[in-house]
Amino acid sequence: MRDIPDADLVARIARGDRAAMQALYARHATAVYRFLVRLLRDAAGAEDLVSDVFFDVWQQAGRYEGRASVTTWMLSIARFKALSALRRRPHAALDPETAEAVPDEADTPETVLQKAGKSEALRRCIAALSAEHRMVVDLVYYHDLSVEEVAQVLAIPAGTVKTRLFHARKRLSEHLLAAGIDRGWP
Amino acid sequence: MPSTPKTPPEPDDLDLILPWRTTGRLDPADSARIEAALARDPDLARRLAIAEAERDETIAVNEAIGAPSRAARDALFARIDADLAAQAGRSPRGWLARLGEALSGLSPPALAGLGLAACLVILGQAGLLAGALLQERGGPAYETASHGGGGAAGAGSHALVAFAPGASAAQIAEALRETGAVIVDGPLPGGVFRIRLATGRLDPAAVEAALDKLRARPGLVQLALPEAVPAR
């Protein structure tokens with residue numbers, strides 16, 4: 001199964017092939033899990049959702065038409081489930097899309113970056129971005145998605161993907177500047 | 001002089017796509033544009049280095065997260081097996097029809113090989129049965145066929161459970177957690193899982209109480225039975 005392309009695995013899963021499902025899970029579960037942890041900031045909740053995402057893949061494999069890559073398709077399902085979970089959180093009285101845009105102040109860069117090196121500072125600032133910004137940064141830099149693929153996962157136009165990432169990076173610069181690190185951009 | 005409204009500066013078009021240069025995911029036209037600009041603008045190379053640092057640290061942040069646990073995987077495949085069992089139950093064509101279909105796809109030499117293998121299995125089973133009979137005459141001890149004499153893997157109190165197809169992974173994981181049970185084997189035929197309720201021997205009432213907790217959860221299990229304790 002190791003050399004079988006993702007799309008072929010999904011075709012096998014559509015025919016009820018459990019081994020293909022195991023192969024797809026082995027290949028993608030960690031990436032999907034990390035996407036969910038970064039979005040929810042809740043490892044236990046992310047584990048439950050990983051199983052839900054892959055059970056959806058199991059049940060909906062027959063409807064996969066290959067218009068998007070399998071990674072893009074699975075991350076779209078994961079995003080949808082994560083946003084639904086965020087909506088169900090009792091303290092998330094805000095509209096989830098609005099809540100997503102609120103940066104997490106728990107990890108205030110000013111207070112934690114004084115002694116950190118530049119790489120560590122950057123990591124902390126990446127972790128402190130709003131959920132909306134974390135998503136686009138992760139999809140581009142960690143999940144290696146193209147502009148069009150990110151647009152599919154986030155269900156927004158390609159132009160919006162570019163400007164959203166630009167603003168996320170600008171926000172990173174602001175966090176770093178607040179911590180005394182000027183990277184001279186933008 | 002009339003005052004003009006102040007608007008934030010528009011981002012440079014190249015800066016908008018530079019991050020994708022760091023992952024090699026630009027389309028060919030944008031890629032050519034970036035390479036040409038990099039050749040004539042040294043400051044763009046500096047901005048590219050900034051994006052590369054972001055990429056490296058984003059990867060580091062994600063890789064620090066780890067991977068989902070074995071329990072999450074087990075819960076998922078328990079649901080999948082329950083779903084497969086439910087599908088088999090709904091299917092008008094039973095396993096015999098599917099077996100016939102599979103056999104009809106085999107070539108004559110493959111069928112001959114399969115027949116030979118079946119003969120060997122039957123002969124092997126006959127030998128085992130004869131051995132078992134002779135052993136039985138030698139002494140009164142016997143064991144259950146399924147789980148042998150209860151070594152390390154067989155120690156504790158066990159039950160057989162078939163999860164409902166609609167049960168979510170979260171429901172299964174939470175129920176197992178609350179009952180203190182773990183999946184130790186499966187799926188067995190019919191999508192049944194063997195779970196360990198305790199590492200020690202529980203009395204039948206305690207086993208029933210643990211199983212009642214599982215049964216009480218709506219839509220979680222189709223079947224939950226205590227496993228027969230091997231006779232000693």
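The values are calculated or read from the model by the stated rules, or taken from the named source; none is laboratory data. This is a predicted model, so every value here is computed, not measured. Neighbour counts run over all protein chains shown; Cβ positions are idealised from the backbone, glycine included.
Checking B:202, B:225, B:176, B:214 one by one, the residue that is out of contact with any Lys or Arg (no Cβ under 9 Å at 6 or more places or on another chain), in a loop (DSSP other than H, G, I, E, B) and at pLDDT 85 or above is B:202 and no other.
May I ask you to list the residues in the stretch B:180-199 that are at pLDDT below 85 and outside any loop (DSSP other than H, G, I, E, B)? Selection gives B:185, B:186, B:187, B:188, B:192. Checking each residue in the stretch A:38-82 for being away from chain B (no Cβ under 13 Å) and surrounded by fewer than 18 Cβ atoms within 10 Å (Cβ to Cβ) picks out A:63, A:65, A:66, A:67, A:68, A:76, A:80.
Across the stretch A:111-131, a minimum of one residue is classified as touching a Leu at 6+ places or on another chain (Cβ under 9 Å), modelled with pLDDT of 55 or more, basic (Lys, Arg) and not in a loop (DSSP other than H, G, I, E, B).
Among the residues of the stretch A:47-97, just one is more than 19 Å from the chain's Cα centre (by Cα), of a type in the set (A, V, I, L, M) and either at pLDDT 95 or above or within 22 Å of residue B:68 (Cα to Cα) (or both), namely A:61.
As a summary of the residue check, residue A:186 satisfies the conditions (1) in a helix (DSSP H, G or I); (2) at the interface with chain B (Cβ under 8 Å from one of its Cβ atoms) except for the one numbered (1).
Take the stretch A:165-183 and flag every residue that is assigned to a helix (DSSP H, G or I) and either surrounded by fewer than 21 Cβ atoms within 10 Å (Cβ to Cβ) or in contact with a Lys or Arg (Cβ under 7 Å, 6 or more places away or on another chain) (or both). Show your work before the answer.
Quick first cut of the stretch A:165-183, residues assigned to a helix (DSSP H, G or I) only: A:165-178.
If the condition is that a residue be assigned to a helix (DSSP H, G or I) and either surrounded by fewer than 21 Cβ atoms within 10 Å (Cβ to Cβ) or in contact with a Lys or Arg (Cβ under 7 Å, 6 or more places away or on another chain) (or both), then A:166, A:167, A:170, A:171, A:173, A:174, A:176, A:177, A:178 are the ones that fit.
Among residues of the stretch A:37-51 that are closer than 11 Å to residue A:82 by Cβ, those with a Cβ under 8 angstrom from a residue that is surrounded by 23 or more Cβ atoms within 10 Å (Cβ to Cβ) and of a type in the set (Lys, Arg), sequence gap 6+ or separate chain, pair up as A:38/A:134; A:39/A:134.
Does residue A:43 satisfy the condition of being over 28 Å from residue B:88 (Cβ atoms) and within 13 Å of the chain's Cα centre (by Cα)?
On the way: over 28 Å from residue B:88 (Cβ atoms): yes; within 13 Å of the chain's Cα centre (by Cα): no.
It is false that residue A:43 is over 28 Å from residue B:88 (Cβ atoms) and within 13 Å of the chain's Cα centre (by Cα).
A single member of A:21, A:1 is at pLDDT below 95 and more than 15 Å from residue A:81 (Cβ to Cβ), and it is A:1. Among residues of the stretch B:17-40 being surrounded by 11 or more Cβ atoms within 10 Å (Cβ to Cβ), more than 12 Å from chain A (Cβ to nearest Cβ) and not hydrophobic (A, V, I, L, M, F, W, C), the one that is farthest from residue B:52 (Cα to Cα) is B:33.
Does residue B:181 satisfy the condition of being over 24 Å from residue B:84 (Cβ atoms) and either within 24 Å of the chain's Cα centre (by Cα) or aliphatic (A, V, I, L, M) (or both)?
On the way: over 24 Å from residue B:84 (Cβ atoms): no; either within 24 Å of the chain's Cα centre (by Cα) or aliphatic (A, V, I, L, M) (or both): yes.
So residue B:181 fails the test.
Among the residues of the stretch A:142-164, the one identified as without any contact (Cβ under 8 Å) to a residue 60 or more places away in the chain, crowded, with 19+ Cβ neighbours inside 10 Å and part of a loop (DSSP other than H, G, I, E, B) is A:146. Whenever a residue of the stretch B:57-86 is over 21 Å from residue A:142 (Cβ atoms) and facing another protein chain (nearest Cβ under 8 Å), its partners that are buried (at least 18 other Cβ atoms within 10 Å of the Cβ) and β-branched (Val, Ile, Thr), lying with C-beta atoms within less than 6 angstrom and at least six residues away or across chains, give the pairs B:75/B:172.
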